[in-house]
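Scroll down for the structure; my scribbles are underneath it.
The values are calculated or read from the model by the stated rules, or taken from the named source; none is laboratory data. Remember, it's a predicted structure, so these values are computed and weren't measured experimentally. Cβ coordinates were reconstructed from backbone atoms using ideal geometry, including for glycine residues, and neighbour counts include every protein chain displayed.
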Amino acid sequence: MTVNSVYEEVIIAGFGGQGIILAGRLLAQTAMKAGKEVTYIPSYGAEMRGGTANCMVIIADEPIACPLVAKPNSLIVMNKASLNKFAPRVKAGGLLVMNSSLIDKRPQLPDTIDILAVPANELAVELGSVKSANMAVLGAYVQRKGIFSYEDVARCLPDVLAKRYHQTLEINAEALRRGAESAKTSN
């Protein structure tokens, strides 16, 4: 791997109904459109809504040998249970993006981990769609990592959202923007 090449392992986790799988697909689609190598593995419980959901995404400039993520560079979590399960796995120097609307305490992690608290549910409610909280945390993640812009991600929304949900494109794009803005103003 060359110096300054991209190799980013991400886990996105929460409970069913929070748009975890959609956020992962959107991140993977954005990476593909940018010409990156990508793997995407969704995982969710049989319950769908209310059960657990997570996905692993790897973004790289070089071919990816293994699609599984054991110790992610970045973790995006939408609830406490996911934080408790996955936070200990984040690599030193990694990034944790957490939905501070549902996670009220900063986790005790090594100082080398960048913790970004995003009030995702509040940002989504301001837009009139609590379902766009996933886009707020994704916008914060891409802003902090700098691999893509939130605009790059927003341009891929029509590719991953079913046509019946295209009326939400504008709200989701705005949630991405507000999440990115939140990351700019956060420590």
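Looking only at the stretch 115-141, count every residue that is in a helix (DSSP H, G or I) and buried (at least 24 other Cβ atoms within 10 Å of the Cβ) and tell me the total.
Total meeting the criteria: 13.
Looking only at residues that are part of a helix (DSSP H, G or I) and among the β-branched types (Val, Ile, Thr) in the stretch 142-161, which one is surrounded by the fewest Cβ atoms within 10 Å (Cβ to Cβ)?
Selected residue: 160.
Test of understanding: among 60, 34, 46, which residue is over 12 Å from the mean Cα position of the chain (by Cα), at pLDDT below 95 and more than 23 Å from residue 121 (Cα to Cα)?
46
For residue 99, state whether it is surrounded by 15 or more Cβ atoms within 10 Å (Cβ to Cβ) and not acidic (Asp, Glu).
yes
Identify the residue in the stretch 67-90 that is over 17 Å from residue 120 (Cβ atoms) and in contact (Cβ under 8 Å) with a residue 24 or more places away in the chain and, among all such residues, is surrounded by the fewest Cβ atoms within 10 Å (Cβ to Cβ).
Among them, the one singled out is 68.
What residue, of 108, 143, is modelled with pLDDT under 95 and polar (S, T, N, Q)?
108
Name the pairs: first residue in the stretch 106-119 and closer than 18 Å to residue 144 by Cα and in contact (Cβ under 8 Å) with a residue 60 or more places away in the chain, second residue among the acidic types (Asp, Glu) and not in a loop (DSSP other than H, G, I, E, B), Cβ to Cβ under 7 Å, at least 6 apart or on different chains?
As it stands, the answer is none, since no pair meets every condition given.
Limited to the stretch 16-43, what total is found for residues that are out of contact with any helix residue (DSSP H, G or I) (no Cβ under 6 Å at 6 or more places or on another chain), closer than 22 Å to residue 70 by Cβ and buried (at least 17 other Cβ atoms within 10 Å of the Cβ)?
Looking only at that region, the number is 8.
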